[in-house]
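What follows draws every value from the coordinates through simple rules; no lab data is involved. Quick caveat, the model's predicted, so the values are computed rather than measured. Methodologically, a virtual Cβ is constructed for each residue, glycine included, from the backbone with ideal geometry; neighbour enumeration extends over all protein chains shown.
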Amino acid sequence: MQTKTNNQSPSAHDVERASQQKQHVVPGIWDFIYSRIIVILYWITNPLKFCQTILYSVMEMNYFLLFTFFGTSFYLFALYFCLLIYLVGLYKEECVMIGAGTLADLKSTGQIFSALFALSWTTISTVGYGNTWPALSKLDDEGAIIHCPAMNILLMVEAFVGVCFAGACGAILFGKVVQVQSQAQVEFSQPMVLKFGTGVMNSDDGDDSDDEGVVKKIVAMPKSGIPCPILEFRIVNKLHNIPNGVITDASVNCVASIYEILEETDDDDANKGSARPSFGYSTSTVRGKDNITRVRLPKKIFLDLNIVNNEHPHFKRCWTALHILDENSPLLSSKMRSRIRKKNGLWPNDKDKYNTAQYIRDNMNFEEIIVSFNGVSMHASCGVNAQKVYSKCDAAIGYQFVPLLEKEGDDVKVQTDFLNDVTDQDGSDAPLDMRKRWLTK
């Protein structure tokens, strides 16, 4: 029997393939080096862009990295000017006074670096000179006056850089403090709830005592027919337990992001089955191996979302924001809005078809809901804001929020642990299985 050995000589094909791989690696390295050189040249020719990039990066740092950046920058500036002082001092060693002697009296490199670095950091920090200072002029051994203009000009420039650096650090730190101070101390609920059918008719809105009566006045229940579904999310004031934690003149603005698609309409003036674009399409380029093709992609548009109680003059505890999915709601498909319009603002009364959680889910046409909260904080004495983005899978259809407020004697306690808790809506209409929320259409 003959056995195959593992020490076989490489074929010509293997050698050629290995050489091609090396040829691909070398151009890759050169492309990387070339791209880095281009970036460096771009920053050199655009110093303003470079400063803006550094500023934006610094503003995104946390406080530990920020102070580390400040300390490292200060040390590098002091070290850089220490080198310049050493180069100028080599020309005239008498221009740097160290105690009773000069730079020429120091023999070891460590002593020279220690003395010049002390001169550099005391100059850039503008705290005043200590044991080392620059000389304006000095008499040499022959009695001639030695002037030191270069050393004094260099230290003047270093002091100016130090003042600018201290001002920049103070401005950045102040900006970080203002950035934190302008963030509203509120928390949004993670889910949204959508009540429909009997869940709307039997609901008891007014989660917060401050909102009680306001919501009932705005959302009027029809005398007959099925009301339109109501989408809710709520906001909790984190500073509800302190006296000056109120946010005055609070407002909520919502925008729905929708991908424009071709939809059918049920309007009487349109031909049944005809498709029409709502807004338009954007064009994207796809580069293939041998050709370039252009494809039509749905355009992402933003539409205002009407919040019926979008203002709160004295936001103290909890705020439940409401949006009605009626004929003007951009969250519904155009077919569903047309049916509601034909019913004079009521939901279609076919209970088995239209008034189900799954049907409502299938006719919700949006990708995200962007919520912006604004107000004036009495605690921070400035304007505050907060943002939250909800996706379609965050909508719990057929559910309602668990009440947050609990009355203990004369005090009202906010159960913040229940902020994201939901339960089945009141009434006989069944909710959508929570697992199906993640099955986006």
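Taking R0 as 41 Å, what FRET efficiency do you get between Phe418 and Leu55 from their Cβ-Cβ distance, rounded to the nearest 0.05? Working shown, then result.
On the way: r = 42 Å, r/R0 = 1.03.
That pair, Phe418 with Leu55, gives E of 0.45.
Over 23 Å between C-alpha atoms is what I'm after, so list which of Lys300/Lys335; Lys299/Lys335; Lys195/Lys343; Lys49/Lys300 land there. The partial results should precede the final answer.
On the way: Lys300/Lys335 20 Å; Lys299/Lys335 20 Å; Lys195/Lys343 19 Å; Lys49/Lys300 30 Å.
As for pairs spanning more than 23 Å Cα to Cα, those are Lys49/Lys300.
Averaging over every viewing direction, what projected area does the convex hull of the Cα atoms of the stretch 298-409 cover, in nm²? Can you show the working numbers first?
Details: hull surface 42.1 nm².
The number I arrive at for the stretch 298-409 is 10.5 nm².
Say R0 is 60 Å: what FRET efficiency, to the nearest 0.05, do Phe69 and Asn349 get from their beta-carbon distance? Walk me through the numbers before you get to the answer.
Details: r = 64 Å, r/R0 = 1.07.
E(calc), rounded to 0.05, equals 0.40.
Taking a quarter of the surface of the Cα convex hull of the stretch 34-126, what do you get in nm²?
Values: hull surface 36.9 nm².
Approximately 9.2 nm², given one-decimal rounding.
Over the stretch 161-200, what number does the Rg to Rh ratio reach, with both radii from the alpha-carbon atoms and Rh per Kirkwood?
Working: Rg = 22.1 Å, Rh = 14.2 Å.
Across the stretch 161-200, the Cα-based Rg/Rh ratio is 1.56.
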